[in-house]
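Taking it in order: structure first as structure tokens, then the write-up.
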Amino acid sequence: MKKLFLTGIAVLLAISAAYAADEGLPPVAAPPVQAAPIPPVPPLGWVYSPYTMCGDPPRCSTGVVNVPADGLNVRVAPNGYPVMSLVNGTPLIPLQREGDWLLVAAGCDLTPTFAWSWTAAVPLNRCWVYF
């Protein structure tokens, strides 16, 4: 029994010596990881800038729809055909300015209201509300 105990102690000492020898090596550094670049915000369309709270894109980074109607029409080109409408309070990210028109991206996830804009007969959209 005494031999078995002494043998167990000898094995433990040998194992701890092996671990101590491994700890003396400098740690190997992992190669640096590069994060993927953040893709640019996709444009939503063109809106008439006086109907937003952001008339000058370099000076403001977001705008809000503020129009005295059902919604603000979003167009495919400045003064072009409307493709959708946004309710008041929808946040917008201005990307480019051309005269009185702003190329904007949505500042939130959009969802349909299942109503139509009476001014342009296009779908009316609003921000998605997460619960």
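Bear in mind that the values in this text are calculations on the coordinates, not laboratory data. Only a predicted model underlies this, so the values are computations on that prediction, with no experimental measurement involved. Ideal geometry is used to build each Cβ from the backbone, glycine not excepted, and the neighbour counts take in all protein chains shown.
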Region 45-127: relative contact order in percent, alpha carbon pairs under 8 Å with at least 6 residues between: 29
Treating only the Cβ of Lys, Arg, Asp and Glu as charged (+1, +1, -1, -1), what charge dipole size does region 45-127 show about its Cα centre? Round to the nearest 20 debye. 40
Where does each of 36-48, 117-129, 81-93, 65-77 land if you order them by average Cβ count within 10 Å, highest first? 81-93, 65-77, 117-129, 36-48
Once amide H atoms are built 1.01 Å from N in the peptide plane, which residues 5 or more positions from THR90, or in another chain, come under 5 Å H to H? VAL65
